[in-house]
1. Just for helices (runs of 4 or more DSSP H) wholly inside the range A:103-210: which have at least 1 residues that are among the acidic types (Asp, Glu) and farther than 30 Å from A:VAL90 by Cβ?
2. A:VAL90 is checked against (1) at pLDDT 80 or above; (2) at positive phi and fails just one. What number does that condition carry?
3. For A:ARG485, only one of the following conditions fails: (1) touching a Gly at 6+ places or on another chain (Cβ under 9 Å); (2) over 30 Å from A:LEU614 (Cα atoms); (3) of a type outside the set (Phe, Trp, Tyr). What is its number?
4. Based on what the data block shows, is A:VAL659 within 28 Å of A:HIS457 (Cβ to Cβ), β-branched (Val, Ile, Thr), assigned by TED's automatic domain parsing to the domain that holds A:ALA627 and outside any helix (DSSP H, G or I)?
5. Take the range A:523-553 and flag every residue that is of a type in the set (Lys, Arg) and touching a residue at least 40 places away in the same chain (Cβ under 8 Å).
6. Suppose we filter A:SER711, A:SER752, A:SER764 for residues that are polar (S, T, N, Q), touching a residue at least 40 places away in the same chain (Cβ under 8 Å) and buried (at least 17 other Cβ atoms within 10 Å of the Cβ); which single one remains?
7. Mind listing whichever residues of the range A:601-625 are farther than 20 Å from A:PRO338 by Cβ, outside any strand (DSSP E or B) and either assigned by TED's automatic domain parsing to the domain that holds A:GLN559 or among the aliphatic types (A, V, I, L, M) (or both)?
8. Say we look at the range A:225-243 and pick out the residues that are within 44 Å of the chain's Cα centre (by Cα) and buried (at least 17 other Cβ atoms within 10 Å of the Cβ); which of these is modelled with the highest pLDDT?
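The values are calculated or read from the model by the stated rules, or taken from the named source; none is laboratory data. Note that the coordinates shown come from a computational prediction; the quantities given were computed from them, not determined experimentally. All Cβ positions, glycine included, derive from the backbone under ideal geometry; neighbour counts span all protein chains shown.
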Amino acid sequence: MCCPGCKAVATLIRDSGFERYYDSREAPEPGIVRPPDEAGEWQVFDRDDMLTAFSARQGDFAEASIYVGGMYCAACSWLIDSTLQAVSGVSSADINPVTHRLRVTWDSAAIGLGGILGVLANLGYKPQPLAPDSTERPEQDEQRSALKRLLVASLGMMQVMMFAVGLYSGEFQGIDADMERFLRLVSFLVTTPVVFYSARPFFAGALRGLRARRPGMDLPVSVAIGGAYIASIYATYTNGPAVWYDSVTMFVFFLTVARYLEMRARHRSIDRSTALSSLLPNTATRVDGEQRLSVPVSQLAAGDRVLVRAGESFPADGVVVEGTTSVDESMLTGESTPKRRLVDAAVMAGSVNVDGIVTVRVDKTGIDTTLGIIARLSERARYARPAFVQLADRVASHIVIAILLIAVAVASAWYVLDAERAFVITLSVLVVTCPCALALATPAAFAAAGSRLADLHLLVTNGNAIEILSRATHVVFDKTGTLTRGVPDVTKTTVLDNHFSADDCLRIAAALEVDSTHPIARAFAKYESGLRASELSLTVGAGVSGIIDGRHWRLGSHQHVTGTEDTGTDGTLSNVFLGDGVAITAIFDIDDTLRSDAANSLSALRNIGLSLSLVSGDSRAPVERVATALGIENSRCGCSPDDKLTVIRELQQAGETVVMVGDGINDAPVLAGADVSIAPSHAASLAQSSADVLMLGESLQPIVKLVSASSHTMRVVRQNLAWAIVYNLAAVPLAATGFVPPWLAAIGMSTSSLVVVLNALRLSRFQ
Amino acid sequence: MNILYLLIPLALLLLGGAVWVFFWAVGSGQFDDLDTPAVRIIMDDDKRPPDDATND
């Protein structure tokens, strides 16, 4: 247990009988983001106008979509589901662990939306109500219709295959003319939905490709499917010599499987639409004259005055009009120490108000804020990423044109030689050369590697990442929260008064800081011992004071503790002083410590042959200390998001393939601009959404595994592509000279696809 | 072999039924989440919360 918040969550989970959550969750503890919300924050959502804004009513029941931030695996979705089911008034709760969206219906007489959000917040997740019918549908619809298409294609294929066996054996043993026609007719009946329903995306894709003048793989596929289908109908109608329904359905089935696998991998990516707004609070306290009203952040406008208490984050960009405070902007700028903000100073949306209560005049809201601009910057960088088209697509465009040319050549040659066989042979050529194996080669390998990497606590959200990682040359690290743990720690305690031991001093400090929301306070939290301080008071930007066992204590800056200016310390470390108002009892060195395996992981990366850099928004001293400790030669400090992006662009122009590892909002544009980006699971959601790979857990070790797994994967992809091309080169002459009937072509095509898939599956056992 | 004229349409009817049932299942969201049910089966839902209230 790291804090009272954790304890509350653990108690809630235990008391509800859900402690098995701890046995089966996959991601290790993410650490505490902020203390659990007071009930007040969610109460505003109980109001009637909120209910109409965020939910749809069905009689007494209301239904709402809620984005649940901070969930990673099936155990989370089970916990949320089970907890909500037990809440009285909730009639159903469906959570999708892939899109992180919860659809909940409840009896609005028994419980309000605020109550439900409160339950989720108490579990430690970050709920965020969504306007009805916001972006959930497209992905879900795509998933569902792909599944339906796959099923129709597979059932259709099985049935038509069965009839085909009858037809083929009929060719050898003789068959009733009536029975043959009947079997062809039912084959036609079953094939029709497969062609018009399951294969529709291929036709649509081919049409799109033609319009854009960039024929893709869909074009020859459509020509083969459409051609064989129409020719089969013609043969069925005129009692021609052969039908090809079996080839058509089998072809469609294999292609649909490939598409489905690819789509599943794509949907695993993190949802981008909610990334920006989840950094902002859900509600803000608006001040109208004397009245204070809790309103949703989306209803704020420029000119409004909002009250921001200690520990809350600012809902919009603005100017302080009343009060003073310190502001933690580390997520936005990378700077690790909080900044003082007096009246007339500007504050940024998404930064955290550390210790004072201030009233802020809102200047900019939503996407116009600095936060919104960073979000847009990262979106742009993502589009401007060095153009990389998927390997198979690049090859495919050429192959497609080659196949069509060959097919035309074969058709016209046979038309002259033997017009009757021209169609059958052309069809064989089209089927046998189907870029199926080629199409499967890459996605199958990526899917297998992706599921193996998920076991290793790495979520690959962009398939291309693996290809690029295999040829990466340079890794750029962010400092705060990536190489370091991102939470302050007491690294050294110097006791000046020998009546006290170092442990005593730490316990006293912990007791003084117990209620503080200041980031420094977290350094002392683990020394809490049950010692209680009374008359705790806080001086904004200076420190805290209180009485323990009748003795007066002050903790904070030199000025705060002794009343005199600080002279003795070197200023490179954050020093916190403990004293009684006159003399200093102890000095604590506070520092953001390195992750335990940072040194190991970095030297392993260096051994693979990658160069390393450190780019941080923090000031020189802490950056250089980390760089020296880890032996990183290139380090840059004080970088804005733009500067960081420039550093990456320079490396890229020098011909390097750059991997970026970072976690802050200020890293988001860089993550998007780098060739491949990796974000730890505790990263800001904006950083996560810009990243190609998410690391679950505290360790940096997975990066090393990721790099070696990618080169392994690309080896398999290359084997697959080589096999597919060799097979095609061997099969085309045979088919073109008329030695391969369409059914054999279909079997050959399937076998080659199967070889590719089996080869890819070897990756799922990668160590 | 005339029995085939009866059996094959019957098979097609069954096929149609299977497709209809599957479409219904997909439409009602049973295939939206393929990860959780695999875990859920090993978690018993009938376990009661412990009675004592001591915190750890």
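1. Of the helices (runs of 4 or more DSSP H) lying wholly inside the range A:103-210, those with at least 1 residues that are among the acidic types (Asp, Glu) and farther than 30 Å from A:VAL90 by Cβ span A:136-173, A:177-193.
2. (2)
3. Exception for A:ARG485: condition (2).
4. Values: within 28 Å of A:HIS457 (Cβ to Cβ): yes; β-branched (Val, Ile, Thr): yes; assigned by TED's automatic domain parsing to the domain that holds A:ALA627: yes; outside any helix (DSSP H, G or I): yes.
Taking the combined requirement at face value, the residue satisfies it.
5. Let us first name the residues in the range A:523-553 that are of a type in the set (Lys, Arg), namely A:526, A:532, A:551.
Matches in the range A:523-553: A:LYS526 only.
6. On the way: A:SER711 fails: buried (at least 17 other Cβ atoms within 10 Å of the Cβ); A:SER764 fails: buried (at least 17 other Cβ atoms within 10 Å of the Cβ).
Step by step, each of A:SER711, A:SER752, A:SER764 is checked, and only A:SER752 is polar (S, T, N, Q), touching a residue at least 40 places away in the same chain (Cβ under 8 Å) and buried (at least 17 other Cβ atoms within 10 Å of the Cβ).
7. Going through the range A:601-625, the residues farther than 20 Å from A:PRO338 by Cβ turn out to be A:601-615, A:624.
Still in the running and outside any strand (DSSP E or B): A:601-610, A:624.
A:LEU602, A:ALA604, A:LEU605, A:ILE608, A:LEU610 - these are the residues of the range A:601-625 that are farther than 20 Å from A:PRO338 by Cβ, outside any strand (DSSP E or B) and either assigned by TED's automatic domain parsing to the domain that holds A:GLN559 or among the aliphatic types (A, V, I, L, M) (or both).
8. Per the criteria, the residue is A:TYR229.
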